[in-house]
Amino acid sequence: MADWKARTEGAKVVKSICPYCAVGCGQSVYVKDEKIVQIEGDPDSPISRGRLCPKGAASLSLVTNPLREYKVKYRRPFGTRWEELPLERAMEMIADRVLETRRDTWESTDGDGHTLNRCYGIAHLGGATLDNEENYLMKKLYTALGVVQVENQARI
Amino acid sequence: MGFFTDTTLCIGCKACEVACKEWNKLPSDGYEFTGESYDNTKELNGNSWRHVAFIEQLGQERDTSRWLMESDVCKHCTHAGCLDVCPTGAIIRTEFGTVVIQDDICNGCGYCVVACPFGVIGEKQEDHTMGKCTLCYDRLKVGEQPACAKACPTESIQFGVVDELRERAEKRLANVQARFAGAQLYLNDPNDGVGGGGSLFLLLDKPEVYGLPPNPIVPTKDLPLRWRTAGIAAALLFGAVVLCAAVRE
Amino acid sequence: MTQGYYGRPIVKPPAWSDLIPTYFFAGGLAGTAATLAFAERAAKNDRLARTLILGAAAGCAVSAFCLIADLKKPERFLHMLRVVKPTSPMSVGVYIFSAFSGSVFIAASSEVTGIARSAGRFFEAIAGIIGPIMSVYTSVLVGDTVMPAWYLPRKTLPLLFAATSASGAGAWGLLFAPARSNGSARRLAILGGTAMVAALQALHRELGPKQAEAYTKGEAGALARSARVLNISGIVCATLAKNSNALSKIAGALLLAGGLTERFAVYRAGCASAKDPKYVLEAQKA
Amino acid sequence: MGTSFGRGGATTFQQDLQNSDCILIMGSNMAENHPVGFQWVMEARERGAKIIHVDPRFTRTSAMVNLHVPIRPGTDTAFLGAIIHYILEHDRAFKEYVVNYTNAPVILREDFKDTEELDGFFSGWHEDQNRYTFESWQYGSMDGAPHMDKTLQDPRCVYQVLKRHYARYTPETAAQICGIDAQQIIEVAEALCANSGRERTSAISYSVGWTQHTAGAQTIRGAAIIQLLLGNIGRPGGGILALRGHASIQGSTDIPTLFNLLPGYIPMPHALAHDNLKDFIESGSAMAGAWGNLDRYVVSLLKAWFGEHATEKSDFCFDLLPRINGDHSTYRSIMDMLDGKVKGFFCIGENPAVGSGNSGLHRRALANLEWLVVRDFNEIESASFWYDAPEIESGELRTESIKTEIFWMPAAGHTEKDGSFTNTQRLLQWRDKAVEPQDEARSELWFYYHLGKRIKEKIAQQAEPHADPIRFLTWEYPETGETREPSAAAVLREINGWDAQGKALSGFGELKADGSTACGCWIYCGCYKDEQNQTARRKPGSEQNWVAPEWAWAWPANRRILYNRASADPQGKPWSERKKYVWWDEQKSEWIGFDTPDFAKNKRPDYIPPNGAKADDAIAGGQPFIMQADGLGWIFAPTGLVDGPLPVYYEPHESPVRNLLYSQQANPCRRQFPRPFNESNPSPSELHGDAFPFVLHTYRLTEHHTAGAMSRSVPHLSELQPEFFCEVSPELAQLRGLIHGDWATIFTSRAVIEARVMVTGRVKPMILQGKEFHSVGLPYHWGSRGLVTGDSANDLLQITLEPNAHINETKGLTCDIMPGRRPRGEAVPAFLNDVRKRAHMDVVT
């Protein structure tokens, strides 16, 4: 045991919340040299009092998990393999797909002339580990696009 | 310092196992389904320093059915076999009274493995030294409690000064005896075969049900006797050799 | 019904490889061989003494190899020499082995090269005196564990180790010294072999029927039975081998094989008594 | 819960469970799925509270409690009904609470008919359309106050209707339905009754064990009725705690990514009902209660979204909102994908190819898209289906024939972005970014912000039909760092809203309907009070009382127990010293206590609304349920639910037995999607109703998280539960020859999967109507990818939805099981054809 010192010594502590279930346990994220060295319970939290379950205790392994990937992957129609695609290019293509599908599937009114004002050809399913702010921007953008099939985990 | 593990409060979540591995950077120990209730960790070893045991006691009568769970850990014995037999001095008793393997000194001889009455120690996959709970020595050094005790959601794992934990354990036993059949303390007696544990347990059944030895004894207890009998055997051997050489046919 | 927790071991069997029982055999043989060499030197039987001191050296070489190779971190062998720990038979043993093998190597080198003969003789005597301790200390080493099959036979296990060593040293003499000069080796082999068979019986008695199962059942039992056949055959051959080089060699080979097999039997019995929790539970019955 | 009390959120908070005298955990495996929250249950247990677990399985929760009652999956409504029966039969209700705070005294219309009179249906049923119309359920009179009989004697008052309605839910009958002893029901009922009243309170906590049924909403209603009868809502140690499974699942309904809602539970405009803003507000707002101010909430929302374009003249851009005209839930979308109507799909941090019921159907739907965007940490099954789905293995789908264009994008983790989660107790908690996401990993905030920006730019450059909603959309957020991450705090501030001067609002009371305020989500208004991010408050719990009001921020208005006016008696005094929480202080002339009062601060307990009063002014001083138009807790729900004003027990959609209570077998309003690959196993009364003899239920384990994307990628979790297994009783194992530790094949008419066998005494056979039945339990965490892999339990399921919340029934369906491994490759469709044939289902319509 060459180094007897806890690796959290001298680390910056960033306060966070566990991303797994909805108990909402407080987490302390220890950061050294722009790297997370440890995540554990935040004793200040009145809900969790510093404790975590196995999933919460594994959050560091979650954000550094061996299967995690950091590059966009693209599969073209009828393709048989993944291809590389720069992020900016992917964003551009997605914006184009959205507008194209929106034009193609726009419904101004129903059969009886009632206003619909919507784009029926796009749907969304979101996880419930997204932030409120993210949900808000999503709902706002989709609604402006006329996309109504905006759904999330809560339904599942 | 030590642990008091109160199994009446254990919900079997295994947060202790994960918190321990995360802190001590231990690897996973294989992905094998055992079918032994919800226990796929199987045992304490060099890669798993906390192990939650699951015992299903489910008879036909629903009222008496129970599912026992216990988070096992190194006992940090007062008389520690592993420490006694370690030939390199890698295993030390720390200023906190805990028993710790220094992995930069350990040469992996494995003697501690067979000297532990609880089967706690095993080889560490990563560096082939022997591994076991350090009671988070590095955390204790900076005034933090061990990772497992901190994570435990229900205070089944309590950390503290051993004497205080002993007192707490006795009180707790008195408190729960009426509620939980079979409640008993384990390793709380300083006069037992290992001089009492630095880890105490409140169990709900006999120790062997949890895979714990009922009357653990530190092997070095008999050491002087063993050297004596070995001395006699050596003397006999010497005598026999001399005799064989002396006799001429 | 499975005992304990899903029948899982309560204590852990050794994490050692087969190098360790090999070491027990080689080290035991070396110890007693050195003692007999010393005794034969005194009896002016230089031929046999030479065979035996070289045998001791061979035993030490094998032992050193086994000991170091079995370490999970062999490069850290020297960490053993950081401390002297009386509570650790392995620590004590390292010093016994170091002193013994050092003496043996000096004696054997001198024997082979003819250089510094008196020093050689002096260290041969030292080795001869340490020899029995070298042969028997491993019984303390394994006895000082929580393997019931090793821990429980407090009285008989050292005797068994002594007997196996005696048989081994004698067998070495039978194998590598000419019949005309191997008389004491033959006698030691017969005595050791017989003692080995007897000691094992005594060990079973000391353990009682339930714990003795570790030695009589499974792989350990099979090895023990083979060892017994080899040993008894060896004893018979050795008894008939007087003045017969061929029979001597056969007897030596049988007894060497018997001793090695016996060591493995004891080793496996220890492992078996750890793997099945019934032995620990039986031993710790209130 | 929204229907019963007014708000769709837990009425209490986890820490308060420690004050309970009895906790009923039902339809939830709290110790396993909310271990850290469970500490508060353990606190209560150690203080002597009685803890009861009613759940089909003997779980780690059951192991911790005083009493476990193993009911058959899907029979919760019958069980709760028997408890209500017991309370009414033995006159154990907390009368003073019931008479004053609930609608028990309200007298119902003459034309209302109960299920007692119409054999399992209420009045208003339209057989031809499979739906109810609701007129007859309304209160007798809504002009002013409803007619009441505070003696509860009038035969048409809710209390008496309730008594008749539940007359047949005797413990004996319910016991036969649930497969337990009547005595067990009585023990639970008695425990709840004995631990309720002035001095004592009981809490109920539930989870998806209730919601994932075709009777989901009605089961929760059953709990609400119990808690209202026993007087446990709004009081410490009482309440109903909905335990949600995901970090911000409450948040994702508050700020909904749900088709039928706008932020703050404002309904989406409906094509048939809402021509303009005035229509919309009139149909949605109530005379009294908080919904009386709907106009303020909607106008402020439109101001937040369309800024300067939202003016009185433009009808605040109401017309730019899209309209719904039916069910557009995710299951409907799946059907539309299969039918080619939905062409593009965003799958964001979600894994329907494993996590959704009948996952096989979802995978087929994904394979029929034009384009798909998947954002996650790892390449999940919903992104890899085109080459490794079971349907590829079986040859039913071919990689080369799948046209779906897929963009897989790396997401940022919770430590790599700022933002807030809303937890199970409506608490918004802020997270600070710890490190930058690596490489191309980005937050969803980044993704949607920059996608929106690009789309706006494109529209600015070219003529685009229907461009106004996008052109007018406010989309200005400060960007930071190299990646130009938008500021989450700025978004939260918009959610909170601002006044005409641009100053952050302090609470929804400040909202205006004239366009002078903007607010993205009215119930979150106040979370950025005083220009401070209230959700980031972190005063340690140890320095506060157990309510910890200075830790983060709860909606609404930082209240931790909702309807807490009910913790005081009608005169405003605590019901008891032991259970005091919020009370009227005559000297200060205001409500005070441990929490923010969920009541107008200075409204006297004896306040009586003047004629013509509106919104909150129309709520009397003795009416704690300020969200309801009548200020009362709804034992009887005149509106809000499409399948009845009172809970009715129906069998699950697929069931091994007949409904004992009514001739109507299953919930008549449930939404079905009969189509290939979504067949229903026949149930009794249908021919061959015994073809799938065992009850199937799916669930989660502590060691994994939902579809596994967040746990099968983590070594330290994967090793703890490495393989997919099925839990069966020793009796079923013997019946079917299943060997512990070996493999079993489990199948329905939809799919066939395999799992390792776990034979355990924790599962016991059930006696239903005198016959022995067995169940098969399946944790559903596995899929084709990750460190540990296995078949997906959800493949077995069928899609039939609860009619109110459109949630799929995932528990209590039927299946069959046999020993050994499943067929592989092309043998799979052949096997399933055979299965359907044997069940005489070969003709799929």
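The values are calculated or read from the model by the stated rules, or taken from the named source; none is laboratory data. All values derive from a computational prediction rather than experimental measurement. Neighbour counts are summed over all protein chains in view; Cβ atoms, including those assigned to glycine, are modelled from backbone coordinates with ideal geometry.
Residues in the stretch A:138-147 that are within 7 Å of another protein chain (Cβ to nearest Cβ) and under 18 Å from residue D:350 (Cα atoms): 2 in all. Inside the stretch D:462-481, residues that are farther than 24 Å from residue A:118 by Cβ and either in contact (Cβ under 8 Å) with a residue 40 or more places away in the chain or polar (S, T, N, Q) (or both) make up a count of 2. Against the condition over 28 Å from the mean Cα position of the chain (by Cα), more than 25 Å from residue D:549 (Cα to Cα) and more than 7 Å from chain A (Cβ to nearest Cβ), how does residue D:453 come out, does it pass? The answer is yes for residue D:453. Checking B:51, B:79 one by one, the residue that is in a strand (DSSP E or B), at pLDDT 95 or above, under 17 Å from the mean Cα position of the chain (by Cα) and within 11 Å of chain C (Cβ to nearest Cβ) is B:51 and no other.
Scan the stretch B:193-203 and give yes if some residue there is over 16 Å from the mean Cα position of the chain (by Cα) and either part of a loop (DSSP other than H, G, I, E, B) or in contact (Cβ under 8 Å) with a residue 12 or more places away in the chain (or both), otherwise no. The answer is no, given that none of the residues of the stretch B:193-203 is over 16 Å from the mean Cα position of the chain (by Cα) and either part of a loop (DSSP other than H, G, I, E, B) or in contact (Cβ under 8 Å) with a residue 12 or more places away in the chain (or both). Looking only at residues of the stretch D:488-510 that are within 11 Å of chain A (Cβ to nearest Cβ), out of contact with any helix residue (DSSP H, G or I) (no Cβ under 7 Å at 6 or more places or on another chain) and free of Cβ contacts under 8 Å to residues at least 60 places away in the same chain, we find that the one that is surrounded by the fewest Cβ atoms within 10 Å (Cβ to Cβ) is D:490. If the condition is being in a helix (DSSP H, G or I), touching a Gly at 6+ places or on another chain (Cβ under 9 Å) and among the aromatic types (Phe, Trp, Tyr), then the stretch C:12-36 contributes only C:25.
Would you confirm whether any residue within the stretch A:108-121 is surrounded by fewer than 18 Cβ atoms within 10 Å (Cβ to Cβ), touching a strand residue (DSSP E or B) at 6+ places or on another chain (Cβ under 6 Å) and of a type in the set (S, T, N, Q)? Scanning the stretch A:108-121, I find at least one residue that is surrounded by fewer than 18 Cβ atoms within 10 Å (Cβ to Cβ), touching a strand residue (DSSP E or B) at 6+ places or on another chain (Cβ under 6 Å) and of a type in the set (S, T, N, Q), so the answer is yes.
Among the residues of the stretch A:90-112, is any under 20 Å from the mean Cα position of the chain (by Cα) and part of a loop (DSSP other than H, G, I, E, B)? For the stretch A:90-112, residues under 20 Å from the mean Cα position of the chain (by Cα) and part of a loop (DSSP other than H, G, I, E, B): absent. The residue that is nearest to residue B:100 (Cα to Cα), counting only those in the stretch B:136-169 that are of a type in the set (A, V, I, L, M, F, W, C) and outside any helix (DSSP H, G or I), is B:136.
When D:548, D:513, D:434 are screened for being away from chain A (no Cβ under 13 Å), among the aliphatic types (A, V, I, L, M) and part of a loop (DSSP other than H, G, I, E, B), only D:513 passes. In a residue-by-residue description of the stretch D:73-88, the property of being more than 14 Å from chain B (Cβ to nearest Cβ), surrounded by fewer than 24 Cβ atoms within 10 Å (Cβ to Cβ) and over 30 Å from residue D:811 (Cβ atoms) applies to no position.
List pairs: first residue in the stretch B:213-235 and more than 7 Å from chain C (Cβ to nearest Cβ), second residue of a type outside the set (S, T, N, Q) anywhere in the structure, Cβ distance under 6 angstrom, at least six positions apart or on different chains. Within 6 Å, the pairs are B:216/B:117; B:216/B:193; B:216/B:194; B:217/B:193; B:218/B:79; B:218/B:81; B:218/B:194. Within the stretch A:27-81, the set of residues being under 22 Å from the mean Cα position of the chain (by Cα), at the interface with chain D (Cβ under 8 Å from one of its Cβ atoms), in a loop (DSSP other than H, G, I, E, B) and surrounded by fewer than 23 Cβ atoms within 10 Å (Cβ to Cβ) comprises A:34, A:66, A:67, A:68, A:69, A:70, A:71.
Would you mention how many residues in the stretch D:405-427 are in contact with a strand residue (DSSP E or B) (Cβ under 7 Å, 6 or more places away or on another chain) and within 7 Å of another protein chain (Cβ to nearest Cβ)? Number of matching residues: 14. Quick check: is even one residue across the stretch D:785-796 part of a helix (DSSP H, G or I) and out of contact with any Gly (no Cβ under 7 Å at 6 or more places or on another chain)? Yes, the stretch D:785-796 contains at least one residue that is part of a helix (DSSP H, G or I) and out of contact with any Gly (no Cβ under 7 Å at 6 or more places or on another chain).
The residue pairs whose first member lies in the stretch D:737-751 and is away from chain B (no Cβ under 14 Å), whose second member is assigned to a loop (DSSP other than H, G, I, E, B) and among the hydroxyl-bearing types (Ser, Thr, Tyr), and whose beta carbons are closer than 8 Å, counting only pairs six or more residues apart or on different chains, are D:749/D:680.
A quick yes/no check of all residues on (1) of a type in the set (Ser, Thr, Tyr); (2) within 27 Å of residue D:376 (Cα to Cα):
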{"position": "D:692", "(1), (2)": "no, no"}
{"position": "D:698", "(1), (2)": "yes, yes"}
{"position": "D:706", "(1), (2)": "yes, yes"}
{"position": "D:712", "(1), (2)": "no, yes"}
{"position": "D:715", "(1), (2)": "no, yes"}
{"position": "D:722", "(1), (2)": "no, yes"}
{"position": "D:736", "(1), (2)": "no, no"}
{"position": "D:764", "(1), (2)": "no, no"}
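When C:43, C:34, C:39 are checked against the criterion of being at negative phi, touching a residue at least 60 places away in the same chain (Cβ under 8 Å), of a type in the set (A, V, I, L, M) and in contact with an Asp or Glu (Cβ under 8 Å, 6 or more places away or on another chain), C:34 stands alone in meeting it. Annotation: of all residues in the stretch D:259-288 being in contact (Cβ under 8 Å) with a residue 60 or more places away in the chain and in contact with a strand residue (DSSP E or B) (Cβ under 7 Å, 6 or more places away or on another chain), the one that is farthest from the other protein chains (Cβ to nearest Cβ) is D:288. Of all the residues in the stretch A:7-26, those that are surrounded by fewer than 22 Cβ atoms within 10 Å (Cβ to Cβ) and in a loop (DSSP other than H, G, I, E, B) number 5.
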